[in-house]
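Heads up: the structure comes next, in structure tokens.
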Amino acid sequence: MERSSRADEKKIGGAKVASLLLVNQALATLAFFGVGVNLVLFLTRVLGQDNVSAANNVSKWIGTVYMFSLIGAFLSDSYWGRYLTCTVFQLVFVLVFYS
């Protein structure tokens, strides 16, 4: 009974989906570090910071991004679940970004 209600395992997943996920992750990583490089250029050329201060600020930004990923994962796994966690952090993003 349970076996017939499950999706056919030969039709789900596979190399096509795995390659799509790998390409998506590679592009997201490329974009993340591209923003870091552009942030250094923005901090030095537009805001007039020296290279040391700009690199330090970008390092703090990268650390904050990684820390919030860990905090979100902990909250999602332990307390809220993935949908509530995504909703809460999206609301935080909107409130911070548009205020």
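Would you mind working out the magnitude of the charge dipole of the chain relative to its Cα centre, with +1 at each Lys and Arg C-beta and -1 at each Asp and Glu C-beta, to the nearest 20 Debye?
The calculation lands at about 260 debye.
Considering the zone a paramagnetic label at Trp80 would reach in this model (a point 7 Å from Cα along the Cα-to-Cβ line), which residues of segment 18-59 have amide N under 20 Å from it?
Zone members listed by number: none at all.
Could you give the accessible area per residue of the chain, probe 1.4 Å, as a whole number in Å²?
86 Å²
Which three lengths, in whole Å and largest first, does the chain cover when its Cα atoms are put on their principal axes?
Here the Cα extents, ordered largest to smallest, are 68, 32, 22 Å.
The values are calculated or read from the model by the stated rules, or taken from the named source; none is laboratory data. All values reported here derive from a predicted model rather than from experimental measurement. Methodologically, a virtual Cβ is constructed for each residue, glycine included, from the backbone with ideal geometry; neighbour enumeration extends over all protein chains shown. Please note that ligands, DNA and RNA were not included when accessible areas were found on the heavy atoms of the full protein model with its side chains. Shrake-Rupley method; radii C 1.70, N 1.55, O 1.52, S 1.80 Å.
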